[in-house]
């Protein structure tokens with residue numbers, strides 16, 4: 001069987017990661033990079049020449065790729081800016097191309113529903129680049145949960161603290177923005193850098209192997225320690241699924257000490273701890289224990305590998321789909337409906353460390369505060385000890401159809 005032909009939109013930043021993974025795919029004989037889109041030829045002249053020398057077609061716009069790539073390209077990958085995802089995915093599917101759309105998929109639930117509709121109408125697939133859903137550990141945990149090994153899932157909680165410096169926020173014009181170029185972006189830790197882990201929890205709470213849970217309500221507190229951004233950089237969220245599982249998420253870009261994400265899963269028959277390195281430990285109520293990891297499989301590579309397998313007819317559906325990413329989008333929309341505003345943390349509670357591009361904000365004692373909130377399964381305001389924290393309401397997201405940040409949503413008092 002011939003190698004599946006891929007095209008990548010872009011060559012810099014995360015597009016370079018896509019190109020790297022496709023090189024590995026070619027070594028396995030499953031797929032190959034056939035084309036790239038480079039809109040700024042002056043800035044990327046050397047890279048364009050390198051790729052052209054390898055026989056890779058260079059297109060100077062996405063529309064040119066969609067027009068001229070027909071019959072030669074099987075899958076287009078879209079490692080592009082968040083605010084471009086919706087229209088590019090819409091155009092790509094309507095033109096008949098299978099897609100790998102980077103996370104987060106789209107900012108609003110109504111955009112997600114339109115993409116699901118178009119995917120069903122066109123018969124192509126749109127896989128989402130939530131890499132951790134492709135991890136063997138997450139898939140194995142889900143198999144165990146669906147099989148009943150955990151009993152009833154009572155709660156799933158995660159905390160993770162990844163610092164971000166000035167260079168991170170200067171890397172592109174939409175970093176740290178709620179709105180850019182007239183489009184919603186909501187570039188904070190829960191929607192972008194640590195989005196995988198919120199999505200993991202919602203996915204694991206689902207009752208079927210390839211489905212995520214549906215949410216009943218969301219409550220969130222969104223804060224920012226940096227005066228030059230409009231989005232959040234320190235956030236906490238709680239939610240409940242329609243089957244009663246509680247979900248808790250604590251994350252910041254302003255820690256003094258980083259903590260890679262750790263997820264706890266609590267069931268009536270077992271509890272598990274999963275961490276960023278893929279180490280997974282399960283302890284059953286009968287005293288038995290089980291430990292496993294990812295067996296050396298790279299989930300970033302699996303995103304491309306599964307896309308190739310789908311085209312070749314070796315898989316029935318993507319692991320990470322528009323459908324099973326929908327509840328993640330609902331959670332983000334509900335978080336903004338609940339928080340209403342991104343609250344600034346007063347400067348007397350924020351320290352600045354390092355110099356130049358490495359300069360970064362640190363929220364004083366945030367590790368201890370989130371650690372206590374994580375253990376108690378509450379939000380920051382519930383601790384009654386954080387002067388800058390403000391309580392927010394629960395927001396119903398049952399049958400959620402539209403996110404309008406300027407409207408009024410149903411509130412659960």
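Starting from residues that are in a helix (DSSP H, G or I) and touching a helix residue (DSSP H, G or I) at 6+ places or on another chain (Cβ under 8 Å), keep the ones in the range 20-33 and report whichever is surrounded by the fewest Cβ atoms within 10 Å (Cβ to Cβ).
28
Just to be sure, is residue 279 modelled with pLDDT of 95 or more, surrounded by fewer than 18 Cβ atoms within 10 Å (Cβ to Cβ) and over 21 Å from residue 147 (Cβ atoms)?
Taking the combined requirement at face value, the residue satisfies it.
Is it the case, given these coordinates, that residue 101 is within 15 Å of the chain's Cα centre (by Cα) and either on the phi < 0 side of the Ramachandran plot or modelled with pLDDT of 95 or more (or both)?
It is true that residue 101 is within 15 Å of the chain's Cα centre (by Cα) and either on the phi < 0 side of the Ramachandran plot or modelled with pLDDT of 95 or more (or both).
Could you tell me which residue of the range 1-19 is surrounded by the fewest Cβ atoms within 10 Å (Cβ to Cβ), considering only residues that are free of Cβ contacts under 8 Å to residues at least 60 places away in the same chain and in a helix (DSSP H, G or I)?
Looking at the filtered set, the residue picked out is 16.
Counting residues that are in contact with a helix residue (DSSP H, G or I) (Cβ under 8 Å, 6 or more places away or on another chain), which strands (runs of 3 or more DSSP E) fully inside the range 287-373 reach at least 2?
360-363
Does the range 42-60 hold any residues that are in a helix (DSSP H, G or I) and out of contact with any helix residue (DSSP H, G or I) (no Cβ under 9 Å at 6 or more places or on another chain), and which are they?
Passing the criteria: 45, 46, 48, 49, 50, 52, 53.
Of the conditions (1) at positive phi; (2) assigned by TED's automatic domain parsing to the domain that holds residue 328, residue 164 clears all except one; give me its number.
Of everything listed in (1) at positive phi; (2) assigned by TED's automatic domain parsing to the domain that holds residue 328, residue 164 misses just condition (1).
Being within 24 Å of residue 264 (Cα to Cα), in the same structural domain as residue 257 (by TED's automatic domain parsing) and part of a loop (DSSP other than H, G, I, E, B), is that true of even one residue in the range 378-385?
yes
Of the numbered conditions (1) surrounded by 14 or more Cβ atoms within 10 Å (Cβ to Cβ); (2) without any contact (Cβ under 8 Å) to a residue 60 or more places away in the chain, residue 291 satisfies every one except a single condition; which is it?
(1)
Return yes or no: is residue 48 touching a strand residue (DSSP E or B) at 6+ places or on another chain (Cβ under 9 Å), over 29 Å from residue 195 (Cβ atoms), touching a residue at least 12 places away in the same chain (Cβ under 8 Å) and outside the structural domain of residue 182 (by TED's automatic domain parsing)?
yes
Residues of the range 283-328 being under 16 Å from residue 211 (Cβ atoms) and within 16 Å of the chain's Cα centre (by Cα), which ones?
318, 319, 320, 321, 322, 323, 324, 325, 326, 327, 328
Of all residues in the range 250-272, how many are under 25 Å from the mean Cα position of the chain (by Cα), assigned to a strand (DSSP E or B) and surrounded by 14 or more Cβ atoms within 10 Å (Cβ to Cβ)?
Residues flagged as under 25 Å from the mean Cα position of the chain (by Cα), assigned to a strand (DSSP E or B) and surrounded by 14 or more Cβ atoms within 10 Å (Cβ to Cβ) within the range 250-272 amount to 13.
Name the single residue that is nearest to the chain's Cα centre (by Cα) among those in the range 161-174 being in contact (Cβ under 8 Å) with a residue 24 or more places away in the chain and part of a loop (DSSP other than H, G, I, E, B).
Ranking the candidates gives 162 first.
The values are calculated or read from the model by the stated rules, or taken from the named source; none is laboratory data. The structure displayed is predicted, hence computed values, not measured ones. Counting neighbours? That spans all protein chains shown, and the Cβs are built from the backbone with ideal geometry, glycine included.
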